[in-house]
Amino acid sequence: MQFKLTLRPTARQTMVPFNYAYRLSAFIYAVLAEADAKYATFLHGQGYEYSSTRRFKLFTFSDLIIPNARVDTKAGGLWVTTPHIEWMVSFYVDKAASTFIMGLFQDQRCVIATPKHRANPGRAEFIIERVEATPVEIDTNTVTLRTLSPVVIAEKDERGMDQYLHPADTEFGPLLVANLLAKYGSVQAVTAAGAELMDEIDTASVMYQLLPDRGRNAAQPRSRLLTIKEGSREETKIKGYYNFQFELTGPRELLELAVLAGVGRYNSEGFGALGVVEARSTSSKLEPASSS
(Lines give C-alpha, C1' and ligand atoms only; values in the text may rest on other atoms or scores of the structure.)
Protein backbone atom coordinates (compact mmCIF):
# COMPACT_ATOMS: atom_id res chain seq x y z
CA MET A 1 0.00 0.00 0.00
CA GLN A 2 1.22 3.51 -0.82
CA PHE A 3 0.40 6.44 1.42
CA LYS A 4 0.49 10.14 0.60
CA LEU A 5 1.27 12.25 3.64
CA THR A 6 0.61 15.99 3.79
CA LEU A 7 2.98 17.77 6.18
CA ARG A 8 2.62 21.25 7.66
CA PRO A 9 5.72 23.06 8.97
CA THR A 10 5.39 24.22 12.57
CA ALA A 11 7.47 27.37 12.02
CA ARG A 12 7.16 30.25 9.58
CA GLN A 13 10.73 29.61 8.43
CA THR A 14 11.64 25.97 7.96
CA MET A 15 14.82 24.49 6.53
CA VAL A 16 15.10 20.86 5.42
CA PRO A 17 18.74 19.61 5.37
CA PHE A 18 20.00 18.14 2.10
CA ASN A 19 20.65 14.71 3.63
CA TYR A 20 17.23 14.25 5.20
CA ALA A 21 16.46 10.67 4.11
CA TYR A 22 18.15 9.04 7.12
CA ARG A 23 16.04 11.17 9.49
CA LEU A 24 12.85 10.18 7.67
CA SER A 25 13.80 6.51 7.91
CA ALA A 26 14.41 6.87 11.65
CA PHE A 27 11.03 8.59 12.00
CA ILE A 28 9.24 5.67 10.32
CA TYR A 29 10.92 3.15 12.62
CA ALA A 30 10.01 5.27 15.66
CA VAL A 31 6.34 5.45 14.62
CA LEU A 32 6.20 1.70 14.07
CA ALA A 33 7.96 0.97 17.36
CA GLU A 34 5.51 3.09 19.30
CA ALA A 35 2.56 1.14 17.90
CA ASP A 36 4.03 -2.32 17.52
CA ALA A 37 7.46 -2.90 19.03
CA LYS A 38 7.76 -6.45 17.73
CA TYR A 39 7.09 -5.47 14.11
CA ALA A 40 9.50 -2.53 14.26
CA THR A 41 12.20 -4.73 15.82
CA PHE A 42 11.68 -7.28 13.06
CA LEU A 43 12.05 -4.62 10.36
CA HIS A 44 15.07 -2.94 11.93
CA GLY A 45 16.94 -5.96 13.22
CA GLN A 46 16.02 -8.73 10.85
CA GLY A 47 13.77 -7.93 7.91
CA TYR A 48 12.85 -10.51 5.31
CA GLU A 49 15.72 -12.96 4.94
CA TYR A 50 16.85 -14.04 1.47
CA SER A 51 20.20 -15.48 2.55
CA SER A 52 22.47 -15.36 5.59
CA THR A 53 23.90 -12.05 4.35
CA ARG A 54 20.90 -10.47 2.59
CA ARG A 55 17.80 -9.17 4.36
CA PHE A 56 15.18 -6.72 3.13
CA LYS A 57 12.93 -4.30 5.03
CA LEU A 58 10.33 -4.07 2.24
CA PHE A 59 9.31 -0.47 2.67
CA THR A 60 10.51 2.70 1.02
CA PHE A 61 9.65 6.36 0.67
CA SER A 62 9.91 9.19 -1.82
CA ASP A 63 11.85 12.40 -1.78
CA LEU A 64 9.98 15.17 -0.02
CA ILE A 65 7.83 17.05 -2.53
CA ILE A 66 8.66 20.68 -1.71
CA PRO A 67 7.22 23.14 -4.25
CA ASN A 68 9.37 26.20 -4.95
CA ALA A 69 12.01 25.24 -2.40
CA ARG A 70 14.81 27.77 -2.00
CA VAL A 71 18.24 26.17 -2.07
CA ASP A 72 20.69 27.46 0.54
CA THR A 73 24.04 25.81 -0.14
CA LYS A 74 25.83 27.68 2.62
CA ALA A 75 23.33 26.53 5.26
CA GLY A 76 23.17 23.03 3.78
CA GLY A 77 19.48 22.73 3.09
CA LEU A 78 16.23 23.74 1.44
CA TRP A 79 13.96 26.51 2.72
CA VAL A 80 10.28 25.57 2.62
CA THR A 81 8.24 28.44 1.14
CA THR A 82 4.79 26.80 1.02
CA PRO A 83 2.28 26.01 3.79
CA HIS A 84 2.39 22.27 3.04
CA ILE A 85 4.69 19.67 1.52
CA GLU A 86 3.98 16.06 0.54
CA TRP A 87 5.67 12.72 1.08
CA MET A 88 4.95 9.23 -0.31
CA VAL A 89 5.56 6.17 1.87
CA SER A 90 5.15 2.60 0.61
CA PHE A 91 4.82 -0.62 2.62
CA TYR A 92 4.64 -4.16 1.33
CA VAL A 93 1.63 -5.04 3.50
CA ASP A 94 -1.87 -6.32 2.81
CA LYS A 95 -4.97 -4.13 2.61
CA ALA A 96 -6.00 -5.03 6.14
CA ALA A 97 -3.01 -3.12 7.50
CA SER A 98 -3.75 0.10 5.60
CA THR A 99 -6.15 1.59 8.17
CA PHE A 100 -3.78 0.66 10.96
CA ILE A 101 -0.83 2.38 9.24
CA MET A 102 -2.86 5.47 8.39
CA GLY A 103 -3.72 5.84 12.05
CA LEU A 104 -0.07 5.54 13.04
CA PHE A 105 1.04 8.54 11.00
CA GLN A 106 -1.95 10.85 11.43
CA ASP A 107 -1.12 13.92 13.57
CA GLN A 108 2.44 12.76 14.24
CA ARG A 109 5.14 15.39 14.79
CA CYS A 110 8.10 14.76 12.48
CA VAL A 111 11.49 16.40 13.01
CA ILE A 112 13.81 16.17 9.99
CA ALA A 113 16.88 17.89 11.38
CA THR A 114 20.45 16.69 11.65
CA PRO A 115 22.39 17.49 14.85
CA LYS A 116 23.88 20.44 12.96
CA HIS A 117 20.43 21.86 12.18
CA ARG A 118 18.61 21.11 15.45
CA ALA A 119 19.69 24.42 17.01
CA ASN A 120 18.53 26.35 13.97
CA PRO A 121 15.34 28.31 14.74
CA GLY A 122 14.08 27.27 11.30
CA ARG A 123 14.68 23.56 11.89
CA ALA A 124 12.52 21.14 9.93
CA GLU A 125 9.63 20.18 12.18
CA PHE A 126 6.29 19.17 10.69
CA ILE A 127 2.84 18.00 11.71
CA ILE A 128 1.32 15.27 9.54
CA GLU A 129 -2.10 16.72 8.80
CA ARG A 130 -3.42 14.19 6.31
CA VAL A 131 -2.75 10.58 5.31
CA GLU A 132 -4.27 9.09 2.15
CA ALA A 133 -4.01 5.43 1.20
CA THR A 134 -3.44 4.55 -2.45
CA PRO A 135 -3.83 0.84 -3.25
CA VAL A 136 -1.37 -0.54 -5.80
CA GLU A 137 -3.20 -3.22 -7.77
CA ILE A 138 -1.50 -4.29 -10.98
CA ASP A 139 -3.32 -6.79 -13.20
CA THR A 140 -1.06 -6.55 -16.23
CA ASN A 141 2.41 -7.85 -17.01
CA THR A 142 4.04 -4.56 -18.04
CA VAL A 143 4.12 -1.26 -16.17
CA THR A 144 5.64 2.12 -16.89
CA LEU A 145 7.25 3.42 -13.72
CA ARG A 146 8.78 6.74 -12.70
CA THR A 147 11.27 7.40 -9.96
CA LEU A 148 10.10 9.12 -6.77
CA SER A 149 13.56 8.96 -5.22
CA PRO A 150 17.02 8.04 -6.56
CA VAL A 151 17.55 4.42 -7.60
CA VAL A 152 20.86 2.92 -6.44
CA ILE A 153 22.28 0.11 -8.59
CA ALA A 154 25.96 -0.82 -8.22
CA GLU A 155 28.39 -3.55 -9.13
CA LYS A 156 31.73 -4.40 -7.57
CA ASP A 157 34.95 -3.57 -9.41
CA GLU A 158 38.19 -5.57 -9.20
CA ARG A 159 39.00 -3.85 -5.88
CA GLY A 160 35.66 -4.79 -4.39
CA MET A 161 34.43 -1.17 -4.51
CA ASP A 162 30.91 -0.23 -5.58
CA GLN A 163 30.61 1.34 -9.01
CA TYR A 164 27.25 3.09 -9.30
CA LEU A 165 25.54 2.53 -12.64
CA HIS A 166 23.61 4.88 -14.91
CA PRO A 167 20.09 3.65 -15.88
CA ALA A 168 21.29 3.27 -19.48
CA ASP A 169 24.20 1.01 -18.49
CA THR A 170 23.85 -2.52 -19.88
CA GLU A 171 24.20 -4.04 -16.41
CA PHE A 172 21.69 -1.71 -14.71
CA GLY A 173 18.62 -3.73 -15.77
CA PRO A 174 19.93 -7.22 -14.94
CA LEU A 175 21.10 -6.06 -11.51
CA LEU A 176 17.78 -4.32 -10.81
CA VAL A 177 15.89 -7.47 -11.79
CA ALA A 178 18.19 -9.74 -9.74
CA ASN A 179 17.66 -7.56 -6.68
CA LEU A 180 13.89 -7.61 -7.18
CA LEU A 181 13.85 -11.41 -7.51
CA ALA A 182 15.88 -11.68 -4.30
CA LYS A 183 13.31 -9.51 -2.51
CA TYR A 184 10.51 -11.69 -3.83
CA GLY A 185 12.37 -14.79 -2.66
CA SER A 186 12.68 -13.32 0.82
CA VAL A 187 8.91 -12.81 0.99
CA GLN A 188 8.06 -16.26 -0.31
CA ALA A 189 10.51 -17.89 2.08
CA VAL A 190 8.18 -17.08 4.99
CA THR A 191 5.10 -18.58 3.30
CA ALA A 192 4.25 -22.26 3.21
CA ALA A 193 4.07 -22.34 -0.60
CA GLY A 194 7.03 -20.06 -1.09
CA ALA A 195 9.29 -22.49 -2.90
CA GLU A 196 6.53 -23.46 -5.30
CA LEU A 197 5.74 -19.83 -6.13
CA MET A 198 9.39 -19.04 -6.81
CA ASP A 199 9.68 -22.07 -9.04
CA GLU A 200 6.74 -20.82 -11.13
CA ILE A 201 8.51 -17.58 -12.09
CA ASP A 202 10.25 -17.59 -15.45
CA THR A 203 13.10 -15.31 -14.45
CA ALA A 204 14.03 -14.73 -18.11
CA SER A 205 10.63 -13.09 -18.63
CA VAL A 206 11.34 -10.39 -16.02
CA MET A 207 12.76 -7.46 -17.98
CA TYR A 208 13.68 -3.80 -17.60
CA GLN A 209 13.79 -1.19 -20.33
CA LEU A 210 14.76 2.44 -19.93
CA LEU A 211 12.29 4.57 -21.83
CA PRO A 212 13.86 6.85 -24.43
CA ASP A 213 13.82 10.61 -24.08
CA ARG A 214 11.05 12.28 -26.06
CA GLY A 215 10.73 15.94 -26.85
CA ARG A 216 12.77 19.01 -26.04
CA ASN A 217 11.80 18.98 -22.36
CA ALA A 218 12.07 15.22 -21.90
CA ALA A 219 13.15 13.93 -18.51
CA GLN A 220 16.70 12.65 -18.41
CA PRO A 221 18.31 10.63 -15.63
CA ARG A 222 20.10 12.82 -13.11
CA SER A 223 22.57 11.66 -10.50
CA ARG A 224 22.63 12.63 -6.85
CA LEU A 225 25.45 12.01 -4.38
CA LEU A 226 24.03 11.59 -0.89
CA THR A 227 25.20 10.71 2.58
CA ILE A 228 23.26 8.09 4.52
CA LYS A 229 23.47 7.57 8.29
CA GLU A 230 25.10 10.99 8.52
CA GLY A 231 26.99 11.55 11.76
CA SER A 232 27.13 7.85 12.68
CA ARG A 233 29.89 5.24 12.39
CA GLU A 234 28.11 3.78 9.37
CA GLU A 235 28.09 7.09 7.47
CA THR A 236 28.32 6.28 3.76
CA LYS A 237 28.25 8.25 0.52
CA ILE A 238 26.26 6.69 -2.30
CA LYS A 239 25.09 7.76 -5.74
CA GLY A 240 21.66 7.17 -7.19
CA TYR A 241 19.80 8.22 -10.34
CA TYR A 242 16.36 9.81 -10.56
CA ASN A 243 14.16 11.77 -12.99
CA PHE A 244 13.62 8.90 -15.43
CA GLN A 245 10.95 6.40 -16.47
CA PHE A 246 11.28 2.75 -17.38
CA GLU A 247 9.17 -0.26 -18.23
CA LEU A 248 9.21 -3.40 -16.13
CA THR A 249 7.75 -6.67 -17.37
CA GLY A 250 7.01 -9.69 -15.20
CA PRO A 251 4.40 -11.40 -13.02
CA ARG A 252 1.86 -9.11 -11.36
CA GLU A 253 3.06 -9.99 -7.85
CA LEU A 254 6.61 -9.03 -8.76
CA LEU A 255 5.57 -5.69 -10.27
CA GLU A 256 3.55 -4.81 -7.18
CA LEU A 257 6.52 -5.67 -5.00
CA ALA A 258 8.72 -3.31 -7.04
CA VAL A 259 6.32 -0.42 -6.40
CA LEU A 260 5.64 -1.15 -2.73
CA ALA A 261 9.09 -2.21 -1.56
CA GLY A 262 11.24 -0.24 -3.99
CA VAL A 263 13.95 -1.27 -6.44
CA GLY A 264 17.71 -1.36 -6.06
CA ARG A 265 19.55 -0.83 -2.79
CA TYR A 266 18.85 1.13 0.39
CA ASN A 267 15.06 1.16 0.01
CA SER A 268 14.41 1.61 3.73
CA GLU A 269 16.80 4.59 3.63
CA GLY A 270 14.58 6.32 1.06
CA PHE A 271 15.93 5.07 -2.27
CA GLY A 272 14.25 3.28 -5.17
CA ALA A 273 10.70 4.56 -4.56
CA LEU A 274 8.48 4.36 -7.64
CA GLY A 275 5.16 5.61 -8.96
CA VAL A 276 3.01 3.88 -11.59
CA VAL A 277 2.57 5.87 -14.79
CA GLU A 278 0.78 3.24 -16.85
CA ALA A 279 -0.01 -0.47 -16.62
CA ARG A 280 -0.74 -2.54 -19.70
CA SER A 281 -0.79 -6.09 -20.98
CA THR A 282 1.69 -7.04 -23.62
CA SER A 283 2.63 -10.17 -25.50
CA SER A 284 5.70 -8.66 -27.10
CA LYS A 285 9.10 -9.15 -25.56
CA LEU A 286 11.29 -6.32 -24.39
CA GLU A 287 15.01 -6.28 -24.82
CA PRO A 288 16.37 -6.83 -21.31
CA ALA A 289 18.30 -3.90 -19.83
CA SER A 290 18.45 -1.98 -23.08
CA SER A 291 19.87 1.53 -23.10
CA SER A 292 18.01 4.38 -24.77
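The values are calculated or read from the model by the stated rules, or taken from the named source; none is laboratory data. No experiment lies behind these values; they were computed from the predicted model shown. Neighbour counts run over all protein chains shown; Cβ positions are idealised from the backbone, glycine included.
Within the stretch 204-213, is there a residue that is closer than 30 Å to P17 by Cβ and either touching a Gly at 6+ places or on another chain (Cβ under 9 Å) or at pLDDT below 75 (or both)?
First, pick out the residues of the stretch 204-213 that are closer than 30 Å to P17 by Cβ: none.
The answer is no, given that none of the residues of the stretch 204-213 is closer than 30 Å to P17 by Cβ and either touching a Gly at 6+ places or on another chain (Cβ under 9 Å) or at pLDDT below 75 (or both).
For every residue, the table says whether it meets (1) in a helix (DSSP H, G or I); (2) outside the structural domain of V276 (by TED's automatic domain parsing); (3) free of Cβ contacts under 8 Å to residues at least 40 places away in the same chain.
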residue	(1), (2), (3)
T6	no, yes, no
M15	no, yes, no
N19	no, yes, no
Y22	yes, yes, no
F27	yes, yes, no
A33	yes, yes, yes
Y39	yes, yes, yes
F42	yes, yes, yes
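Here is a yes/no grid of residues against (1) within 29 Å of I28 (Cα to Cα); (2) in the same structural domain as P251 (by TED's automatic domain parsing); (3) at pLDDT below 95; (4) exposed (fewer than 13 other Cβ atoms within 10 Å of the Cβ):
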position	(1), (2), (3), (4)
I128	yes, no, no, no
V151	yes, yes, no, no
R159	no, yes, yes, yes
E171	no, yes, no, no
L175	yes, yes, no, no
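Give the stretch 96-125 a look and list any residue that's aliphatic (A, V, I, L, M) and either at pLDDT below 75 or surrounded by fewer than 16 Cβ atoms within 10 Å (Cβ to Cβ) (or both), or say none.
Selection gives A96, A97, V111, A113, A119.
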Just the residues that are in contact with a Ser or Thr (Cβ under 7 Å, 6 or more places away or on another chain) and not in a strand (DSSP E or B), please, taken from the stretch 70-115.
H84
Right, V71: within 18 Å of the chain's Cα centre (by Cα), of a type in the set (V, I, T) and at pLDDT 90 or above or not?
no
Please go through the stretch 141-161 and give me each residue that is of a type outside the set (S, T, Y), under 21 Å from the mean Cα position of the chain (by Cα) and part of a strand (DSSP E or B), ordered by number.
V143, L145, R146, V151, A154, E155
Please identify the pairs in which a residue from the stretch 219-241 that is among the acidic types (D, E) has its Cβ atom under 7 Å from the Cβ atom of a residue that is modelled with pLDDT of 85 or more, counting only partners at least 6 apart or on another chain.
E230/N19; E230/Y22
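Right, V136: closer than 19 Å to F61 by Cβ, within 20 Å of the chain's Cα centre (by Cα) and at pLDDT below 95 or not?
Working: closer than 19 Å to F61 by Cβ: yes; within 20 Å of the chain's Cα centre (by Cα): yes; at pLDDT below 95: yes.
When the stated conditions are applied, V136 passes them.
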Kindly list, by first and then second residue, each pair from a residue in the stretch 63-87 that is touching a residue at least 60 places away in the same chain (Cβ under 8 Å) to a residue that is buried (at least 19 other Cβ atoms within 10 Å of the Cβ) and charged (D, E, K, R), limited to pairs with Cβ atoms under 9 Å and residues at least 6 apart or on different chains.
W87/D63
Which of the residues that make up the stretch 267-292 are assigned to a loop (DSSP other than H, G, I, E, B) and at pLDDT 90 or above?
G270, F271, G272, A273
